[in-house]
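Scroll down for the structure; my scribbles are underneath it.
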Amino acid sequence: MRALLTGLWLAIGGVAAAAAAPLPQYEVADTFIYDNGRVEQLVSMSGDRLTWSAFEGREYVRDRNFVVPLLHWETVESNGDRRVSAEANSLWPLEPGKSARFRVLTDVSVKVKEGTSRRRRRTELWSCRVLPPAAITVPAGNFDATEIRCEQFSSRTMRILSEEHWYYSEEVGHYVARRWVDISTGHRGGYSLVTKLRGIDANPRRIRSILSGL
């Protein structure tokens, strides 16, 4: 009986381990196109710091743990860098019920006039938890996706400022949908995956063709 129970326990443990989704793995040139015209094309990797291109536009750096806000960006008007506390990665591998609270320190430099800029620093507090996998339908197809629900809090009042909902598909190896809401204004937004391209398929002509059909 003891051997039977031990075997059952190991089997259950094996199922649980198999169900846990590890941090996504990518290859350079992996491209994800969304129904709002958003394009994410992987340019380079340095450990867990990934440089993405918006396709024939700006580049930005994101952590492999995509629920973390952008780590670095540059625009005509500003540029910024973020440092994220290590607790953020405790979400992975994804398992229902897991949660993490982490701090984000953001430094932004805003151009005021030619040759001068103004620097600002702010602290963001985030709390994320993993929900059970559920079926989701997006333009790219039907997937079993794990929802990661995140809330941003005010560092002064601890009130919830915004909510982020990421739907990660291990089959795709990336998030297939993202939804958000600004609590103060009630403004909602989001986008869903149309297609994933790899290798020689992730070429400018193919990307433009897909974008023209949206």
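Numerical summary
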{"item": "Segment 137-152 residues that are free of Cβ contacts under 8 Å to residues at least 24 places away in the same chain and on the phi < 0 side of the Ramachandran plot, paired with ones that are among the acidic types (Asp, Glu) and open to solvent by 40 Å² or more (accessible area, probe 1.4 Å) (beta carbon under 8 Å, 6 or more apart)", "result": "Arg149/Glu163"}
{"item": "Any chance Glu171 is among the acidic types (Asp, Glu) and in contact with a strand residue (DSSP E or B) (Cβ under 7 Å, 6 or more places away or on another chain)", "result": "yes"}
{"item": "Hits in segment 36-50 (condition: over 15 Å from Gln25 (Cα atoms) and either open to solvent by 80 Å² or more (accessible area, probe 1.4 Å) or among the polar types (S, T, N, Q) (or both))", "result": "Asn36"}
{"item": "Pair list, Cβ under 9 Å, 6 or more apart: segment 25-44 residue modelled with pLDDT of 95 or more and part of a loop (DSSP other than H, G, I, E, B), other residue surrounded by 13 or more Cβ atoms within 10 Å (Cβ to Cβ) and polar (S, T, N, Q)", "result": "Ala29/Gln41; Ala29/Asn203; Asp30/Gln41; Asp35/Ser192; Asn36/Ser192"}
{"item": "Residue in segment 139-152 that is surrounded by the most Cβ atoms within 10 Å (Cβ to Cβ), counting only those that are small (Gly, Ala, Ser) and assigned to a strand (DSSP E or B)", "result": "Ala145"}
{"item": "Test: residue in segment 96-116 that is closer than 22 Å to Leu23 by Cα, in contact with a Phe, Trp or Tyr (Cβ under 9 Å, 6 or more places away or on another chain), of a type outside the set (S, T, N, Q) and part of a loop (DSSP other than H, G, I, E, B)", "result": "yes"}
{"item": "Count of residues meeting criterion [assigned to a strand (DSSP E or B) and in contact (Cβ under 8 Å) with a residue 40 or more places away in the chain] in segment 153-177", "result": "7"}
{"item": "In segment 70-90, the residues that are under 16 Å from Gln152 (Cα atoms), touching a Ser or Thr at 6+ places or on another chain (Cβ under 9 Å) and buried (at least 16 other Cβ atoms within 10 Å of the Cβ)", "result": "Arg82"}
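The values are calculated or read from the model by the stated rules, or taken from the named source; none is laboratory data. For clarity, every value in this text was computed on a predicted model and none was experimentally measured. Cβ: placed from backbone, ideal geometry, glycine included. Neighbour counts: every protein chain shown. Accessible surface areas use protein heavy atoms only, side chains included; no ligands, DNA or RNA. Shrake-Rupley method; radii C 1.70, N 1.55, O 1.52, S 1.80 Å.
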